[in-house]
Amino acid sequence: MTRAFPGRILGALAVAALAAATAGCAPSETADTTEAVPAAEEQNPTRVLDEEFADPDILQVGDTYYAYATEGNRRNVQVAMSTDLLEWEQLGDDALPELPSWIIPGKTWAPEVTQVAEGQFVLYFTATNFAPTVQCIGVATATDPAGPFTVEGDGMLVCPEDEGGAIDASTFETDGGLNLVWKNDGNCCGKDTWIQTAPLSADGLSLAGQPQKLIKQDLAWEGDLVEAPTVVPRDDGYALLYSSNYYGDESYNVGYASAPALEGPWEKSPEPFLASDTFGDDRYIGPGGQDLATAPDGQLYLLFHSWDAAVTYRSMHAEPVEWTEAGLSLTDS
């Protein structure tokens with residue numbers, strides 16, 4: 001059974017919000033998460049990594065999958081390995097152990113790793129720039145997908161001060177080559193948040209064209225932001241998954257949009273693709289930070305984070321999905 005663009009309006013989950021957080025910003029510091037998980041949560045079959053592991057990005061290299069996550073457990077960029085997308089081993093080393101002088105430590109998140117050539121991997125990460133002091137996107141390279149990555153250049157790759165900065169980079173391929181997609185961090189300062197894209201150089205280390213805006217927040221359930229974009233080229237155009245609303249409680253969600261071309265017109269689903277109340281239970285609290293990956297058996301999964309019942313950490317989950325004539329759909333298990 002499939003469900004395209006679920007829109008059930010159920011009672012809101014009662015969870016505690018993070019008192020000191022800023023809308024659109026991840027916690028500035030996380031700690032080891034070793035507390036016992038409630039029995040009800042242990043029964044959630046979609047939880048595939050029960051650790052602080054927010055904003056997961058998935059990269060397949062040969063028969064191995066790598067997952068990268070926002071800082072936590074005393075690492076700037078966390079990394080885990082799997083052979084099937086369902087059982088993961090979190091690695092002990094920091095994938096980005098050294099930050100340069102122009103980055104203010106403590107908020108390094110939303111990593112994206114792309115293989116640009118054999119044995120060449122590029123990491124795009126969000127961090128707080130020193131001057132201007134806004135969140136921006138940096139770039140680093142490594143010869144091993146597990147790292148360590150070394151920051152490239154003498155400044156951030158994308159850092160539009162007049163737009164509030166830039167966060168949440170990801171990549172996608174077109175006939176023209178590799179492209180970067182991100183969100184300007186306008187919600188930091190009363191501006192619109194636009195998902196936008198630009199072509200990348202062949203080595204992935206610089207932009208090769210001007211940014212093009214795709215969508216912004218304009219639906220009630222999106223709150224004051226859209227972010228965490230995932231662009232998927234399709235035969236009939238493009239699909240776009242994105243997160244919206246406040247990351248720190250049950251209002252965070254995953255949205256869906258599609259277009260016949262990058263320049264649009266983009267059509268959004270009128271309701272969230274995945275939200276806290278999608279399944280009518282307490283399976284998820286504020287799902288978001290999503291990516292798509294295909295398992296060895298051909299099953300397509302949406303991988304994303306969701307809060308634990310106490311709203312203290314975000315673990316990684318995998319929901320089976322499929323492409324239908326209507327677009328991407330959740331597959332009931």
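The values are calculated or read from the model by the stated rules, or taken from the named source; none is laboratory data. Note that this is a predicted model, so its numbers are computed, not measured. For neighbour counting, all protein chains shown are included, and Cβ atoms are generated from backbone atoms with ideal geometry for every residue, glycine included.
Brief remarks on what is shown
- For the range 53-70, filtering for residues that are touching an Asp or Glu at 6+ places or on another chain (Cβ under 8 Å) and either of a type in the set (Asp, Glu) or at pLDDT below 95 (or both) leaves 2.
- Test: residue in the range 231-254 that is in contact (Cβ under 8 Å) with a residue 60 or more places away in the chain, hydrophobic (A, V, I, L, M, F, W, C) and crowded, with 23+ Cβ neighbours inside 10 Å: yes
- Applying a threshold of 9 Å to beta carbon distances and a minimum spacing of six or more residues, or different chains, the list of pairs starting in the range 112-138 at a residue that is more than 16 Å from Ala198 (Cα to Cα) and touching a residue at least 12 places away in the same chain (Cβ under 8 Å) and ending at one that is basic (Lys, Arg) and surrounded by 14 or more Cβ atoms within 10 Å (Cβ to Cβ) reads Thr126/Lys107; Ala127/Lys107; Thr128/Lys107; Gln135/Lys107.
- When the range 153-171 is limited to residues that are surrounded by fewer than 18 Cβ atoms within 10 Å (Cβ to Cβ) and of a type in the set (Asp, Glu), the one that is farthest from the chain's Cα centre (by Cα) turns out to be Asp154.
- The single condition from (1) closer than 30 Å to Tyr246 by Cβ; (2) part of a loop (DSSP other than H, G, I, E, B); (3) within 20 Å of the chain's Cα centre (by Cα) that Lys191 fails is (3).
- Test: residue in the range 209-221 that is out of contact with any Phe, Trp or Tyr (no Cβ under 8 Å at 6 or more places or on another chain) and under 24 Å from Ile58 (Cα atoms): no
- Tally, over the range 81-102, of residues that are part of a strand (DSSP E or B) and either among the charged types (D, E, K, R) or under 18 Å from Tyr124 (Cβ atoms) (or both): 1
- Which numbered condition Pro320 fails, given (1) in contact (Cβ under 8 Å) with a residue 60 or more places away in the chain; (2) in a strand (DSSP E or B); (3) of a type outside the set (A, V, I, L, M): (1)
- The requirement of being more than 22 Å from Val79 (Cβ to Cβ), among the acidic types (Asp, Glu) and in contact with a strand residue (DSSP E or B) (Cβ under 6 Å, 6 or more places away or on another chain) is fulfilled nowhere in the range 208-220; no residue meets it.
- Note on the range 145-161: residues that are in a loop (DSSP other than H, G, I, E, B) and of a type outside the set (Gly, Ala, Ser) amount to 9.
- Taking first residues from the range 259-273 that are more than 13 Å from Ala220 (Cα to Cα) and partners that are crowded, with 17+ Cβ neighbours inside 10 Å and modelled with pLDDT under 95, the Cβ contacts under 8 Å between residues at least 6 apart in sequence or on separate chains come to Phe273/Phe5; Phe273/Pro6.
- Residues within the range 271-315 that are assigned to a loop (DSSP other than H, G, I, E, B), under 16 Å from Phe53 (Cα atoms) and of a type outside the set (Phe, Trp, Tyr), tallied: 8
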